[in-house]
Amino acid sequence: MRPEELLALDRAHVWHPYGPMPGTDAPLVVESAAGVRLRLADGVELVDGMSSWWSAIHGYRHPVLDEAARRQLDRMSHVMLGGLTHEPAVRLAARLVEITPEPLQHVFLSDSGSVSVEVAIKMCLQYWRSVGRPDKRRLLTWRGGYHGDTFHPMSVCDPDGGMHSLWRGVLPEQVFVNDPPPGASCAGEGADPGYLAHLAEAVERHAGELAAIIVEPRVQGAGGMRFHCGCYLRALRELADAHDVLLVFDEIATGFGRTGDLFAAVGAGVVPDVMCLGKALTGGYLSMAATLCTTRVAEGISRGSVPVLAHGPTFMGNPLASAIANASLDLLLGQDWAGEVRRIEAGLRSGLAPAADLPGVADVRVLGAIGVVQLDHPVDMAVATKAAVAHGVWLRPFRDLIYTMPPYVTEDHDVARIAAAVVAAAEVA
Ligand SMILES: *Cc1c(COP(=O)(O)O)cnc(C)c1O
């Protein structure tokens, strides 16, 4: 197909994320991708600063992942998980149990992050129903979060960013507390006592109706790329325990090393009752997510009057995605992934530093392989994207943010190039 023809059909028929119909901005046509480079239809190559939304941690067309996919294709790309099972899914579940905190023992494999959050919420609500406390059915979260675009996850996204006003009367009304104090660590200063009191007051007041607290640990991603100290996660754990509330960590963006810890929960020294994983799970090859829970939650559900977890997506445990996820985990854990993330962190720190002096820049922050430049005004997305592309880099700014989370295989000179593109985009946007 000629590019003009392709773009005309795209505009007429293909929804893009958060887009109108017909489409308004012309997307770039990608012909192929390899390593950390996207190859466009016109032959231009761009270094990928986005890892296709946190997922392609090993880059594109990685020979190990390609080979795992081919080997699995020769056996079966899919069979149902109802009444059947297979090694790729079993191995993956066992592996996830092994690498996550010990109390998380049971794994529900689904097809996307939003669904894994739906499943996490269903687990919590059903747990309390099963143990005779059906009034515990609301969720508490802090503002500024993002948990997916289906309805229950949307109900715990930031009320403004998630446009809750549009959905009044449709979304379940959850309990919101203020977003956590900013800063990846509160270091010598310790946790903000005023904020701790605010959390405690809200949990105490709503304990009787709360099924769970759900948050993204350490990094609020699509809700605003904000970082917070692990001490607030420890506070949530203590409050949850004290008031008979479950704790859910959505590690869909933070999981698999992105923050410098394999899981943000581990770095913070907190074990949630339920944990969601997705995005980088298959190294960005296929859509797959997982919801892990403790034996207490699993057994609570299974002792209820409806003694099953009533959820079972068609493509649950998809063998092809599972096989690739297994290969991706082997690849990740078989190398010094933490060293690679630290290397990228150092590159982003030095490369993004010049942005702090630019007019219109409100904040520059880096945590693990995540680099963020926040402006004091909304980004002109078209202008910012164009500036990054002119630097040979693919970025997708949003709201007041120009940010990157590159693949872990990005070499130093490409990290420098990405950082320079972020700075250039901030300069013109
Ligand atoms: C992306 C994301 C989701 C949603 O995952 P999808 O696969 O897009 O449905 C949920 N929670 C967090 C923290 C995410 O970053």
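The values are calculated or read from the model by the stated rules, or taken from the named source; none is laboratory data. Just so you know, these numbers come straight off a predicted model, no measurement behind them. Here the Cβ positions follow ideal geometry from the backbone for every residue, glycine too, while neighbour counts run over all protein chains shown. Side chains are part of the model used for accessible areas, which takes the heavy atoms of the whole protein and leaves out ligands, DNA and RNA. Shrake-Rupley method; radii C 1.70, N 1.55, O 1.52, S 1.80 Å.
Descriptive notes on the structure:
- Positive contributions from Lys and Arg (+1) and negative ones from Asp and Glu (-1), summed over other residues with Cβ under 9 Å from the Cβ of MET275, come out at -3.
- Alpha-carbon centroid distance for the pair the stretch 300-323 / the stretch 66-127, whole angstrom: 9 Å
- Taking Cβ atoms as reference points and 11 Å as the exclusive limit, the residues near PRO217 contribute a net charge of -1, counting Lys and Arg as +1 and Asp and Glu as -1.
- The distance linking the stretch 133-164 with the stretch 346-407 is 28 Å (Cα centroid to Cα centroid, whole angstrom).
- Mean residue ellipticity, 222 nm, helices only, the chain: the sum of -39500 (n - 2.57) across DSSP H runs of n ≥ 4, divided by residue count and rounded to 500, is -11500 deg cm²/dmol.
- 37 °C / 0.692 mPa s Stokes-Einstein diffusion coefficient of the chain, Kirkwood radius on C-alpha pairs, µm²/s: 147 µm²/s
- Rolling a 1.4 Å probe across all protein chains gives MET163 an accessible area of roughly 110 Å².
- Counting only heavy atoms of the protein chains and using a 1.4 Å probe, TRP128 has close to 10 Å² of accessible surface.
- Relative contact order %, the chain, counting alpha carbon pairs below 8 Å whose residues are six or more apart: 21 percent
- Per-residue SASA entry for PHE398, accessible area with 1.4 Å probe, Å² rounded to 10: 50 Å²
- Charge dipole of the stretch 275-429 (Cα centre as origin; +1 on each Lys and Arg Cβ, -1 on each Asp and Glu Cβ, all else neutral): 480 debye, rounded to the nearest 20.
- Orientation-averaged projected area, Cα convex hull of the stretch 1-98 (nm²): 9.7 nm²
- For ILE213, distant residues with modelled amide H under 5 Å away: LEU140, LEU246, LEU247, VAL248
- Of all accessible heavy-atom area on the stretch 188-236, the percent that carbon and sulfur account for (1.4 Å): 53 percent
- Using 0.36 nm per residue and subtracting the Cα-Cα separation, the extra length available between GLU238 and VAL97 on full extension is 48.4 nm.
- Charge tally in the Cβ shell below 10 Å around ALA362, where Lys, Arg are +1 and Asp, Glu are -1, ALA362 excluded: -3
- Per residue, the chain exposes 43 Å² of solvent-accessible protein surface, assessed with a 1.4 angstrom probe and all protein chains in place.
- Ranked by how many other beta carbons lie within 10 Å on average, peptides 183-194, 93-104 from highest: 93-104, 183-194
- Proximal lysines relative to LYS136, as straight alpha-carbon distance under 19 Å, when same-chain residues fewer than 8 apart are discounted: LYS122
- Solvent-accessible surface ranking, highest first, for ASP261, ASP357, ASP250 at 1.4 angstrom: ASP357, ASP261, ASP250
- Amide H contacts for VAL177 (H built 1.01 Å from N in the peptide plane; partners 5 or more residues away or on another chain; cut-off under 5 Å): THR141, TRP142, ARG143.
- Candidate aspartates and glutamates - alpha carbon under 18 Å from LYS279, same-chain residues fewer than 8 apart omitted: ASP48, ASP66, ASP111, GLU118, ASP149, GLU216, ASP250, GLU251, ASP261, ASP330
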